[in-house]
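Dropping the structure in here first, questions after.
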Amino acid sequence: MSQSQEIKDRIDIVDFISTHVQLQQSGRNFKALCPFHSEKTASFFVFPERQSWRCFGSCATGGDILTFVMQKENVGFGEALRNLGDYAGIRIISKAYQAAEHEVLLRANEETSVYFQNLLLSDRGVPAREYLKAREINTDSIEMFELGLSPPKNELHQHLTSKGFDIKDLAAAGLVTPSNPVKDTFSNRLMFPIRDANRRLIGFGGRALGQSQPKYLNTSKTALFEKGSVVYGMDKAKSEIQRKQTAIIVEGYMDVIACHAQGTLNAVASMGTAITNSQVSILT
Ligand code: ZN
């Protein structure tokens with residue numbers, strides 16, 4: 001179960017919101033003066049059955065217990081998750097706390113991947129799509145391997161912070177360099193999301209478009225990602241490797257994609273380095 005789901009299961013939204021706002025019963029629901037805008041008649045509602053809230057007044061917004069905390073405390077998703085974890089007493093279990101941290105990074109990576117994929121398919125992705133075409137990577141492969149394009153000029157972290165992510169969490173995910181000013185790690189690169197055998201999106205590889213160096217750049221070491229322990233393509237190749245009891249190890253992302261397009265479904269890549277013991281243990 002995800003940490004956010006565990007929190008939602010443990011904390012009743014009515015109990016929680018009533019510690020911040022004076023709620024009045026209204027039929028099956030509860031209402032109050034909206035804590036997010038100034039008003040004289042109550043237009044803020046909490047719905048116990050759906051475990052959600054909504055302001056029908058000038059905010060015209062709503063959500064679940066996490067979005068309530070994000071708005072009330074003006075914090076990002078990660079901070080809200082930790083605050084609610086503390087409230088529910090979940091943090092005392094360090095493994096669960098770690099899981100909450102991981103969930104934030106995974107969520108940031110997933111949001112990033114969608115952003116990269118959309119950019120590749122937009123007008124701005126034409127040069128990158130032409131490059132892929134020249135490398136004979138077709139649209140099926142682009143979709144299957146969720147290829148994307150990272151934007152120039154720090155657009156990614158602007159997008160992610162607008163979605164409620166904290167810079168601290170984005171840095172922990174390896175998506176930004178927490179310098180001053182903050183910089184996107186990947187800029188104007190063809191992006192390869194890297195999933196583990198359980199399909200968790202643990203990091204990215206990026207190939208430079210144009211002359212920038214290095215030619216290939218991976219997510220740096222994070223709580224989820226350690227280059228020597230990752231095998232690219234494992235999420236796609238796992239069942240075929242089990243069936244054939246054999247893995248074909250190729251050098252890079254493009255090679256894995258080319259193999260899978262030709263029906264060699266047990267191909268994975270060691271990510272450009274010599275294969276490590278830890279990678280071998282993933283395969284066996
Ligand atoms: Zn409101």
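The values are calculated or read from the model by the stated rules, or taken from the named source; none is laboratory data. Since the structure is predicted, the reported quantities are computational estimates derived from the model, not experimental observations. Backbone-built Cβ (ideal geometry, glycine too); neighbour counts: all protein chains shown. The protein model used for the area step is the full one, side chains on, heavy atoms only, and it has no ligands, DNA or RNA in it. Shrake-Rupley method; radii C 1.70, N 1.55, O 1.52, S 1.80 Å.
For segment 11-59, what's the relative contact order in percent, using C-alpha pairs closer than 8 Å and at least 6 residues apart?
The value is 31 percent.
Taking 0.36 nm per intervening residue step and subtracting the Cα-Cα distance, what contour gain separates residue 10 from residue 136 on full extension?
40.3 nm
Residue-wise, which Karplus ³J(HN,Hα) couplings in Hz belong to segment 186-198, taking 6.51 cos²θ - 1.76 cosθ + 1.60, θ = phi - 60°, and x for glycine or proline?
For segment 186-198, the Karplus-derived couplings read 9, 9, 6, 10, 6, 10, 10, x, 10, 10, 8, 4, 8 Hz, x marking Gly and Pro.
How many times 2.2 N^0.38 Å is the alpha carbon radius of gyration of segment 222-262?
Against the empirical 2.2 N^0.38 Å value, I get 1.25 for segment 222-262.
What does segment 153-229 give for Rg and for Dmax, in Å, if only its C-alpha atoms count?
12.6, 36
Modelling each spin label as a point 7 Å along the Cα-to-Cβ direction, I'd like the residue 124/residue 223 distance in nm, to one decimal.
Label-label distance for residue 124 and residue 223, simple model: 3.0 nm.
Tell me the Kirkwood hydrodynamic radius of segment 11-131 in angstroms, computed as one over the mean inverse distance between distinct C-alpha pairs.
Across segment 11-131, the inverse of the average 1/r is 16.8 Å.
Evaluate the chain: find the radius of gyration of its Cα atoms, find its Kirkwood radius, and give the ratio Rg to Rh.
Here Rg/Rh amounts to 1.05.
What are the semi-axes of the equivalent ellipsoid for segment 146-196, taken as the square roots of 5 times the Cα gyration tensor eigenvalues, largest first, in whole Å?
Result for segment 146-196: semi-axes of 18, 13, 10 Å.
In Å², what does the accessible area per residue of the chain work out to with a 1.4 Å probe?
With all protein chains present, the chain gives 51 Å² per residue.
Let me ask another. Once you charge only the Cβ atoms, +1 for Lys and Arg and -1 for Asp and Glu, what is the size of the charge dipole of the chain about its Cα centre, to the nearest 20 debye?
It comes to approximately 140 debye.
So, one more: Go ahead and set up a Gaussian network model of the chain, Cα springs under 10 Å, then flag whichever of 266, 154, 29 fluctuates most.
Maximum fluctuation in the GNM of the chain, among the listed residues, is at 29.
Taking the alpha-carbon centroid of each part, what is the distance from segment 36-69 to segment 133-147 in angstrom?
The distance from the Cα centre of segment 36-69 to that of segment 133-147 comes to 43 Å.
Return the inverse of the average 1/r over all pairs of distinct C-alpha atoms in segment 108-256, which is the Kirkwood hydrodynamic radius, in Å to one decimal.
It works out to 15.9 Å.
Still on this structure, I have one more. Taking GluC sites (Glu not before Pro) as candidate sites, keep only those in a DSSP loop with at most 11 other Cβ atoms within 10 Å, then name the longest stretch of the chain containing none of them.
137-284
For a quick check: with amide H placed at 1.01 Å from N, whose amide H comes under 5 Å from residue 176's, ignoring anything fewer than 5 positions away on the same chain?
Here the answer is 171, 185, since their amide H atoms fall under 5 Å of that of residue 176.
Which of 244, 40, 183 moves most in a GNM of the chain, Cα contacts under 10 Å?
Largest GNM mean-square fluctuation: 40.
Relative contact order for the chain: what percent, with Cα pairs under 8 Å and sequence separation of 6 or more?
11 percent
Find which of 141, 35, 88 sits farthest along the positive direction of the dipole of segment 27-143, computed with +1 on the beta-carbon of Lys and Arg, -1 on that of Asp and Glu, about the Cα centre.
Checking the options against the dipole of segment 27-143, the answer is 35.
Express the carbon and sulfur contribution to the solvent-accessible surface of segment 161-229 as a percent, rounded to the nearest whole number, probe 1.4 angstrom.
Answer for segment 161-229 is 50 percent, counting heavy atoms of protein chains only.
Which aspartates and glutamates have a Cα lying under 15 Å from the Cα of residue 168, excluding residues fewer than 8 positions away in the same chain?
Excluding near neighbours in sequence, the set is 79, 101, 103, 184.
Then there is this: Kirkwood Rh, Cα Rg: Rg to Rh for segment 66-187?
Rounded to two decimals, Rg over Rh is 1.07.
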